[in-house]
Amino acid sequence: MFASRVFRPAQQLSSHVRRYATEPPKSGSNNTLLYGLLGAGALGGGYYYLNSGNPTTAQHGAKNESGAHGMPASKNEEKNIPAKTGAGTGIAPVKAFTGGDQGFISLLLESVENVSHNTKKFRFKLNDEDSTSGLPVASALLTKFKGPDMEKPVVRPYTPVSDEDEKGYLDFVVKVYPNGPMSEHLHAMKAGERLDFKGPIPKYPWTANKHDQIALIAGGTGITPMYQVARAIFKNPEDKTKVTLVFGNVSEEDILLKKEWEELEQKFPQRFRAFYVLDNPPEGWTQGKGFITKDLLKTTLPGPKDGNIKLFVCGPPGLYKAIAGPKKSPGEQGELSGILSELGYTQEQVYKF
């Protein structure tokens, strides 16, 4: 059965098991089943990697920058930047990124923070300290740089992790990938240097209570647009949307924004729960081991007939192919296939970042 039918108050199962919210389970459903599936190792794992090569690479982007976090930008994405908004349009406060013919803006790198062995957090200072980013939820920004020996500039989209209403700065969490030109450039940057940005690039327009329940299925750095949507939901007291996160990574230290997700779980135990799946779990790990499987998703997600729901998918190409099918292009969703199609979800119920 689908787990959206089993929401109930959270309880601590052990010191290593995070809190999650459910309703009283119907017959045939219990916590033992749920966590048994989470710890089922490689159950169905062969299915996950059809034509995807190295499993770890395919699932978590060890050698590929993920779909919404560093894949090459297309001309369609630049065309999708909306007509100019902001100052003079009745929208306050002033927004740093206004679209239209604004072009790229050079921002100063204010600070760099090490998050893990291959991930850093970058804070860029907005040129007007009283301005906000101007990004709607959900959207991203294009980044651009051109090295001295490069014929063409590198352009990549990234989703900020800072709140859209924060004034004066933008935060990005970026994992470095071998031969990933933008991520390598960012990781080599020092405070005081500059990078060019342009946007916003609109993705999925979110409004309060647009859906009763949503699920976020992410791998690796595909988590950043998911966090953008979840943060917007839980900062709005009028938004009562329930949220489920299924997040696959190589190791525990690769779980980006883990502290932020745990804070949401503590503050909203009736409406948010997160499930983590690791290729290489540490000793004593009590959650998912191996791959994101059909059985796991069937157990944790709201069902296709559970009313007004939406599923969001973001990660490296292997995750897209196995879970929902690849995007046709950056601006086109492509047909729904993979696990979600097999579970009975429709094209309209799924959005690929």
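The values are calculated or read from the model by the stated rules, or taken from the named source; none is laboratory data. These figures come from a predicted structure and were not determined experimentally. A quick note on method: Cβ atoms are made from the backbone with ideal geometry, for glycine too, and the neighbour counts reach across all protein chains shown. Ligands, DNA and RNA are stripped out before the accessible areas are found, and what is left, the full protein with its side chains, is counted by its heavy atoms. Shrake-Rupley method; radii C 1.70, N 1.55, O 1.52, S 1.80 Å.
Miscellaneous remarks
- Taken about its Cα centre, the range 257-353 carries a charge dipole of about 120 debye when Lys and Arg each add +1 at the Cβ and Asp and Glu each add -1 at the Cβ.
- Computed 3J(HN,Hα) for the range 221-238, one whole-Hz value per residue from the Karplus formula 6.51 cos²θ - 1.76 cosθ + 1.60 where θ = phi - 60°, is 6, x, 6, 5, x, 5, 5, 4, 5, 4, 4, 5, 5, 7, 7, 9, x, 7, glycine and proline marked x.
- In sequence order, calculated HN-Hα J values of the range 339-353 (Karplus, 6.51, -1.76, 1.60; Hz; x Gly/Pro): 4, 5, 5, 5, 7, x, 6, 9, 4, 6, 8, 10, 10, 9, 5
- Loop-located trypsin sites (Lys or Arg not before Pro) in the range 188-275 whose Cβ has at most 16 other Cβ within 10 Å (DSSP): LYS190, LYS210, LYS240
- Close amide H partners of SER139, meaning residues 5 or more places away or on another chain with modelled amide H under 5 Å apart, are LYS203.
- Backbone amide hydrogens, once placed in the peptide plane, bring ARG271 within less than 5 Å of nothing, excluding anything fewer than 5 places away on its chain.
- Across the range 213-220, rounded Karplus estimates of 3J(HN,Hα) from the backbone phi angles (6.51 cos²θ - 1.76 cosθ + 1.60, θ = phi - 60°) give 9, 10, 10, 10, 10, 9, x, x Hz, Gly and Pro being marked x.
- Aspartates and glutamates whose Cα lies under 18 Å from that of LYS167, excluding same-chain neighbours fewer than 8 positions away: GLU110, ASP128, GLU129, ASP130
- Listed residues LEU343, PRO316, VAL277: farthest to the positive end of the dipole of the range 259-349 (Cβ charges): LEU343
- Straight Cα distances below 12 angstrom link LYS240 to the aspartates and glutamates ASP212, with same-chain residues fewer than 8 positions distant left out.
- Between GLN333 and LYS328, the built amide H atoms are under 5 Å apart, and every one of these is 5 or more places off in sequence or on another chain.
- Based on protein heavy atoms only, the range 147-252 ends up with 36 Å² per residue of surface accessible to a 1.4 Å probe.
- Qualifying GluC sites (Glu not before Pro) in the range 252-353, where qualification requires a DSSP coil assignment and no more than 14 other C-beta atoms within 10 Å, comprise GLU283, GLU335.
- Filter on LYS175/LYS203; LYS242/LYS321; LYS95/LYS190; LYS203/LYS242; LYS210/LYS352 - keep pairs with C-alpha separation over 28 Å: none
- Annotation for the range 298-339: trypsin sites (Lys or Arg not before Pro) lying in DSSP loop with at most 12 further Cβ atoms inside 10 Å of their Cβ are LYS305, LYS328.
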